[in-house]
Amino acid sequence: MDKDFIARGMQRCSTGKFLLWLFPWVALLIFGVYSAALCLIKGLNQTNMDNRFAFGAWIFLDLTVIALGAGAFFTGFLLYILKMKELKAVINSAVVIGFVCYSGAVVVLAVDVGQPLRAWFTFWYPNVHSMLTEVTFCISCYLMVLLIEYIPIVLKNRKLREIPSMLVFEHELHKLIYVLAAVGTFLSFFHQGSLGGLYGVLRGRPFAFREHLGIWPSTFFLFILSAAAVGPSFILLTTWLVEKISRKKLVPPEALRLLGRVSGMLLSVYVLLKCVDTLIWMNRTSMVRGFVPAQYYAFEPFGEWVLFAELVLFGIVPAAILLVPKLREKTGWLVSAAAMACCGVALNRFVQTIQTMALPTLSFDKFLMYTPSWQEIGAFLMVVAYGVLVYSFSFRYFELFPQERQLRIESAAAKPQHETAVGGR
Amino acid sequence: MISENKGNKKARYGMSIDVDRCTGCGGCMVACASENNVAPANPGANDRKGLTWIRVFKVDNGQEYPNKRSVFVPMMCQQCGEETPCYLACPQQAVDVDPSTGIVGQMPERCLGCRYCMAACPYHARYFNWWDPVWPAGMEKTMNPDVAPRMRGVVEKCNFCHGRWHAARQKAAASGNRVLDPADYVPACVEACPTGAIRFGDLSDASTEVARNSKTPDSFRMLEKLGTEPKIYYMSKRQWVKEIAEAPKLTPQKEPARG
Amino acid sequence: METNRRDLLKLAGGAAVGIVFTPVPWRLITDAALWSENWPGTPQPAHGPLTARYTNCSLCPAGCAVRARCISNRPIGMAGVAGHPLSQGALCALGLAGHQAPYHPDRLKPASASAAPVAQAIAKGGVAVLDLRPGRTASWTYRRAMAAVKGLYVTAPQPLPFAYNLSAARTVLSIGAPLIDGWGTPGNVLRARAGFHLIQADSVESRSASLADTWLRINPGSEPALALGLAQILLQRKPKAVPAGMAEAAAQMTPARTADATALSEKEILDLADALFQNGPSVVVAGEAAPEAAALNALLGGWGQAVVARQEAPVPESWKTAAPATELASVPDGSIHTLLIDESAPGDYIPWGVIAKKLARGSSSVIVFSWSGTGYARHANLALPTAVFPEALDDLPAPADSPAAAFRLSAPLVEPPAGVVNPVEVIAKAAGIDASAALRERADAIHKTARGNLFRYADGVSTPVKDLKPEDFWNALNEGGCWIDTAQAGAPPLPKWVPSASAAGGADLAVTIVERRFAGAPGSPLMSKVYKESNLQLGPNRAALNPATAAGLGLADGARAALTTAAGSCEIEVILDPAVSPGALEVAAGPEVLDICGAFARAKVVRA
Amino acid sequence: MLPWNYGFHFTTGPIIFMGIFYTVLVIVATTVISAVLRSRRAMREHHTEHIRWHSEFDDLTTPARLCRYALTGEMPGRICPNGFDCRHCDVRAHLVAKLPEAQPAEAVVVVAGMAFPTDRLYHRGHTWVKQEADGTVTVGVDEVAKLILGAPDKIDLPHVGRQLRLNGVAWSVSKGRTTARVLAPLDGKVVAHGGPADNWRLRIRPTDADMSHLLTANEIRPWVTREIQRLHVALAAVGVQTEPGQQHRPDIAANHPDADLDAVCAHMFLHR
């Protein structure tokens, strides 16, 4: 039964093994749904957030997840707009990852707000001055675009394509996919930017506030750049991980190397601009507001090492590795550098959200710490489990890596020939 | 909202708080909660999850005895006038700045509970309803009908007793006046303060006590350099007290303030 | 042209599409949102006509004047009465939300418990009434009732025989008294505050300490020593009057010894004495070291000016045959068979251990009249629920900072719930006396003297009593009024020297109790704003320790710990505060804490 | 959101913001709606088979999509851009003009023991087409197909009168757990069914006389050689190893009942 849904020529594990793989994730999902339900039914008192720490782990993880999910739009942009054909090998996987990241983030956001049923008010009474309005509009539009981009992947399923209307619709939609890729790129640019702007505009938080270029703070542009830089890295990382877990060759190594190269180039530009931005902020923006930057790093555990780690360890170092072709050739270096780049962007989002909240603004404020409650962690694990499940199903039943079959055939073709050559001697 | 006060003289309501006179009795906090139908604390609430539209902090000069000195500093919404951080943050216009009064208003029934405004506020003057508000049985009879109680999951804050402003405006309108009688519009904390440390009035009217207070050399505003133009003026004759308005000093493991 | 069904459908479809381009559907959605903005379960307060009513707050003995904003006669907000001669328009946090006190969750639920056991107990004999707020008309009724049944009328402690006139003082030394945070009538103290130099000797940085001109951080428990040390210095300056026994007691307390006991320097003590001596009139106000302070006052220049004899409002002649007031301390141990405690008018909370000692072994019973389940009701054999402010009619004696006699009523603003008992009525009836009109009788007695003025709250006008008819006087008192005597009070009689009892404890932490006002009366549930939802005041059962002391005990900020004294143990939450003296413990008053901590208690704190 | 809603002001900010938002919505909606409309038109115009073939052709492995001239070595490595429809291919037209077709040398081409008569044309999906005198054509499967499936358990032939589309599904064949779709080698209407005894399956009246997309005699050998290689690779990929130089016995499906022949059939019959 289950086999009929798996595309011909794709090797997938047995149904029993697949169910065994699903089991822990489903268990995690149930636990997560319970946690989230507690937060929705009993209210946000279930979290350890408070009036001073109004944003907590969820916002940090949302921002990180959305930055990592940027691979979807950026790979689409490289493939459909810049015509980098090698990336066709990962585009479907990128779309699914993007969809998982964005929908997961939206679910967490829905739990994070106090009155989720009023979410539509943002559309009904939008305050165009608010960065959050921009974020909400762009994320919901982009999620819609991702959903539409996900449709052809689903419709290509072996059983579904036997239905002529599905087949035809998939074909026609796929022909127009570049329009969606362009719209997605546009929306992603704005919401990645406005997620950065979210904190950069906070005049009341000099740690986060940045100089403005036009109507947007510098973080607007830095977030776009950093998301575009790590998006490909994350696709690289997940693809490598899926290859390891499924013990299959899924994409040609050139595709991964291209992702690494693109990531490295953008990352180096990002780190450069980030350094310039940090210097301007330290010497001007913050000082003008009476806040001595050294003071931000005077509170343990957020010492200067945070800045060092963000800029050097997880910025310059992975950028350098990804830019050196020799190192890029070696999977170990490539994957490690991609992982470091992802850590760097996660650290950046952490600093922007958590450290901003923890630092005092009034002279008689305390430096605050906060540890997420198990409900908060559970609700986030729900999204992780959801993501793994969606991806697992997609990987099993849809063709996330179009070259998988070809690579399998190629490796099958390579083996006997090799043997022949040996035998021939 | 914009057209409501067209033709009226525009006011800029503000406060002056003489911290040298504040005894930290907490009367303003209780009177405010009673006036504005803020529910009593949930059993799980603490000083970080409570609802105190006005909150009195005990702030010291950071020195050890015998040089230690403390003052009590009431903090409420500072009614920022320029680039109002919360107004610019709210995604759905649940925060508004009334151009006719300068008062930063909060519409809890519009609020989504995203708490972005709380992150934006440098004064921590915004409070989130972490729990369903619960009044002990019968206590709802003591609630003020001029103020709608809020629900769980929304943000609320000081609005200079909007209910009292509304009542004063209605009274003025009923008697054919276009301007309110200042005696009719006094926020609850001002009325409650036993030492008269808190004064309230129209800052744009030079004859009011607050306008005069705001111009004395003793007056200062919290984090003035942020450029948010708050309309709460604090006053003290002591230099170290004036310095509490500035950014935190480089004393990492400073003794936490009680308040 | 004929119209068929198809045309009609087309028309309907076109209209539907067209309507989308008009504001109508969108406006409807907006309005639908407005309806959805009501959240189920949130109470909607009722509207009604707004009126002002006046009374006096009876939640604490200060009895501040109150203007209640009422909707349909229900109080919805409290404020002070401007120009009031005693409370000066001020109201404390407790009073500002006093109208909500009836709804405190800790209130004793009106039950079907009958007051019959009171009558049975009185009939049996060996009965005593413990009055926590003496000086009221109700106190006189209890005395009359006890005279009738040969019972005992007990107070603890007796009100001081003198009153302070702070506006006449130039220097005030507060030895551990909460002078600015709840002592006397807050409004009166705050008004006089501008005229005197305040020196606060306190082991913790209480609110009075932070607002004082000088804060002297003394060792906890060294308050009597400081008073004695000052007396020793002042005695050398030949004061006019010296309380009996004082010179002998003070002789040993040289400045060096005082310095040793208090942790002040000798110079500080000498300077303090100089300040009191030179910048007179000076008065001393004390918390737990009241007896020493009383005697010390006699040595200072304020005696007779800033410290005057305490006056009580006149009472009908016929009452004067009532039973005398006995101090709890002088009641023989184990002698009371039935103790009736009137906690409906709370005053200082007496540790339960002190009371329990006086009860007869085995067969005694305790009947408590109270609105709160957290006070003595915990120890009672029978707890009878009473009305609470603003439900009950009671009067308030003049506070310690009123140099003149005063009489005012706490007139009810709301009906008490069914099932509450009135302790005065119950005890009077059981004793067979008629006291139903006692307040009116006393008002008439006051009126008969034709002395003093009546201050009316509604219009802020003072009228000489002699210009009023008795009926008008009575009505005015009920509608918000205050009678203040005009008779000049003279110097009080010289107090006797009585040393404070001090608890032994050696190495244990010396306990300083703050926020005593919350002890007896829970007040409004909204008081949570000042101690639970903020750290402005120390919450009940929270204790502050110096960080060094806490570190020595292995206690972190927020730790749960057990507070143990000779009298027992209770659970506390520890917070760290460098303003507390090392080796001291600042703990907020609460019945559990007070039950085990008497004056100058010493305690162990062990992590729970 | 809308001009008559609370808080909407006719100022630059809201107009630009909402303008962009509505533009995005319109673009996305237009894209989806036009995809729907185009699919409806395609369905109406019976382009399903055509679309299926083109979408599947893109997913075929590179060796399966080689141009016929890549097979013969004239244009090595060229991938067919037209989905094996050479009728309008410029490259073919160009090459045909340059190299006039040589006459077939033999009547039957034998490759790896399999016979391919040259009196007929061959389709890349392993069918052959033989012109009949009455203007119809006979369609049958070639030896490679028989090598894989042997005698099928079940054959689903299209009913008589059905219009077949080039590269659409002509009929399907089941053997054991495997189902293979056999592609139609040309456009035409089914006029009769054949059987194993007749050695043909369908008789078709072509609707397009141009058969230039079918392989001719000289292309049979390189093509079949290549196909046998592909078959070996496909079998190897499902775990059926072939010794070098070894030939498979006919009816592989019956010989290797445990192998995933679905994948092999899809591979060889050019579908997914």
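When you scan region B:185-235, how many residues do you find that are polar (S, T, N, Q), in a loop (DSSP other than H, G, I, E, B), more than 14 Å from chain C (Cβ to nearest Cβ) and closer than 20 Å to B:VAL71 by Cα?
Of the residues in that region, 1 qualify.
Among the residues in region D:27-41, are any surrounded by fewer than 15 Cβ atoms within 10 Å (Cβ to Cβ) and either among the acidic types (Asp, Glu) or away from chain A (no Cβ under 14 Å) (or both)?
Looking for residues that are surrounded by fewer than 15 Cβ atoms within 10 Å (Cβ to Cβ) and either among the acidic types (Asp, Glu) or away from chain A (no Cβ under 14 Å) (or both), one finds none in region D:27-41, hence no.
For region A:318-339, give me each residue that is under 15 Å from A:VAL230 (Cα atoms), buried (at least 17 other Cβ atoms within 10 Å of the Cβ) and among the hydrophobic types (A, V, I, L, M, F, W, C).
Passing the criteria: A:ALA319, A:ILE321, A:LEU322, A:LEU323, A:LEU334, A:VAL335, A:ALA337, A:ALA338, A:ALA339.
Residue by residue through region B:50-89, note down the ones that are assigned to a loop (DSSP other than H, G, I, E, B) and closer than 17 Å to C:MET527 by Cβ.
Result: B:GLY50, B:LEU51, B:THR52, B:TRP53, B:ILE54.
Only one residue in A:VAL383, A:VAL351 is crowded, with 20+ Cβ neighbours inside 10 Å, away from chain B (no Cβ under 14 Å) and closer than 30 Å to B:ALA247 by Cβ, so which one is that?
After ruling out the rest, the residue left standing is A:VAL351.
Considering region D:41-69 alone, what residues qualify as being of a type in the set (Lys, Arg) and in contact (Cβ under 8 Å) with a residue 60 or more places away in the chain?
D:ARG52, D:ARG68
Report yes if A:VAL288 is at pLDDT 90 or above and either at positive phi or within 14 Å of chain B (Cβ to nearest Cβ) (or both), otherwise no.
The answer is yes for A:VAL288.
On the given criteria, is C:GLY41 at positive phi and within 12 Å of chain B (Cβ to nearest Cβ)?
yes
Suppose we filter D:LEU60, D:LEU71, D:LEU66 for residues that are under 17 Å from the mean Cα position of the chain (by Cα), surrounded by 12 or more Cβ atoms within 10 Å (Cβ to Cβ) and farther than 28 Å from A:LYS156 by Cα; which single one remains?
It is D:LEU71.
If I filter region D:1-26 down to residues being among the aromatic types (Phe, Trp, Tyr) and more than 44 Å from the chain's Cα centre (by Cα), which single residue comes out as farthest from the other protein chains (Cβ to nearest Cβ)?
Per the stated criteria, the residue is D:PHE10.
Given the conditions (1) within 19 Å of D:LEU214 (Cα to Cα); (2) part of a strand (DSSP E or B), which single one is not true for D:ILE155?
(1)
Return yes or no: is A:LEU389 at pLDDT 90 or above and either buried (at least 18 other Cβ atoms within 10 Å of the Cβ) or in the same structural domain as A:THR239 (by TED's automatic domain parsing) (or both)?
Judged against the criteria, A:LEU389 is not a match.
Among residues belonging to region C:85-95 that are surrounded by 24 or more Cβ atoms within 10 Å (Cβ to Cβ) and part of a loop (DSSP other than H, G, I, E, B), point out the one that is nearest to the other protein chains (Cβ to nearest Cβ).
Among residues in region C:85-95 that are surrounded by 24 or more Cβ atoms within 10 Å (Cβ to Cβ) and part of a loop (DSSP other than H, G, I, E, B), the one nearest to the other protein chains (Cβ to nearest Cβ) is C:ALA90.
Look at C:GLY229 and say whether it is touching a Lys or Arg at 6+ places or on another chain (Cβ under 8 Å), away from chain B (no Cβ under 14 Å) and modelled with pLDDT of 90 or more.
The answer is yes for C:GLY229.
Looking at region C:58-84, which of its residues are surrounded by fewer than 20 Cβ atoms within 10 Å (Cβ to Cβ) and more than 12 Å from every other protein chain (Cβ to nearest Cβ)?
Across region C:58-84, the qualifying residue is only C:GLY83.
Is at least one residue of region C:364-374 over 18 Å from the mean Cα position of the chain (by Cα) and among the hydroxyl-bearing types (Ser, Thr, Tyr)?
For region C:364-374, residues over 18 Å from the mean Cα position of the chain (by Cα) and among the hydroxyl-bearing types (Ser, Thr, Tyr): present.
Here's the yes/no breakdown for (1) touching a helix residue (DSSP H, G or I) at 6+ places or on another chain (Cβ under 7 Å); (2) of a type in the set (Lys, Arg); (3) surrounded by fewer than 22 Cβ atoms within 10 Å (Cβ to Cβ); (4) more than 17 Å from C:GLY176 (Cα to Cα):
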position	(1), (2), (3), (4)
C:VAL511	no, no, no, no
C:GLU533	no, no, no, yes
C:ASN541	yes, no, yes, yes
C:THR549	no, no, yes, yes
C:GLY558	no, no, yes, yes
C:ALA579	no, no, no, no
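Output yes when any residue across region B:74-87 is of a type in the set (A, V, I, L, M, F, W, C), without any contact (Cβ under 8 Å) to a residue 60 or more places away in the chain and more than 9 Å from chain A (Cβ to nearest Cβ), and no when none is.
no
I need a count of the residues in region A:351-398 that are within 21 Å of B:PRO122 (Cβ to Cβ) and in a helix (DSSP H, G or I).
Of the residues in that region, 8 qualify.
Return the residues of region B:51-70 that are touching a strand residue (DSSP E or B) at 6+ places or on another chain (Cβ under 9 Å), surrounded by fewer than 24 Cβ atoms within 10 Å (Cβ to Cβ) and either among the basic types (Lys, Arg) or within 9 Å of another protein chain (Cβ to nearest Cβ) (or both); say none if nothing qualifies.
B:PHE57, B:LYS58, B:VAL59, B:ASP60, B:TYR65, B:PRO66, B:LYS68, B:ARG69, B:SER70
Filter region A:104-117 down to the residues that are crowded, with 20+ Cβ neighbours inside 10 Å and touching a residue at least 24 places away in the same chain (Cβ under 8 Å), then identify the one that is nearest to A:VAL383 (Cα to Cα).
A:GLY104
Can you confirm whether C:THR55 is closer than 17 Å to C:ARG456 by Cβ, surrounded by fewer than 19 Cβ atoms within 10 Å (Cβ to Cβ), within 30 Å of the chain's Cα centre (by Cα) and of a type outside the set (Gly, Ala, Ser)?
Against the criterion (closer than 17 Å to C:ARG456 by Cβ, surrounded by fewer than 19 Cβ atoms within 10 Å (Cβ to Cβ), within 30 Å of the chain's Cα centre (by Cα) and of a type outside the set (Gly, Ala, Ser)), C:THR55 does not qualify.
For region B:139-149, indicate whether the set of residues that are modelled with pLDDT of 90 or more, within 14 Å of chain A (Cβ to nearest Cβ) and either part of a helix (DSSP H, G or I) or over 19 Å from C:ALA68 (Cα atoms) (or both) is non-empty.
Checked region B:139-149: no residue is modelled with pLDDT of 90 or more, within 14 Å of chain A (Cβ to nearest Cβ) and either part of a helix (DSSP H, G or I) or over 19 Å from C:ALA68 (Cα atoms) (or both).
Against the conditions (1) within 14 Å of chain B (Cβ to nearest Cβ); (2) crowded, with 22+ Cβ neighbours inside 10 Å, where does A:LEU68 fall short? Just the number, please.
Looking at each condition in turn, A:LEU68 falls short on (1).
Looking at the structure I just gave you, is C:ALA201 touching a helix residue (DSSP H, G or I) at 6+ places or on another chain (Cβ under 7 Å), crowded, with 19+ Cβ neighbours inside 10 Å and modelled with pLDDT of 90 or more?
yes
Does region C:46-69 contain any residue that is more than 30 Å from C:ARG191 (Cβ to Cβ) and in contact with a His (Cβ under 8 Å, 6 or more places away or on another chain)?
no
The values are calculated or read from the model by the stated rules, or taken from the named source; none is laboratory data. Here the structure is a predicted model, which means the values were calculated and not measured. Positions of Cβ are backbone-derived with ideal geometry, glycine not excepted, and every protein chain shown enters the neighbour counts.
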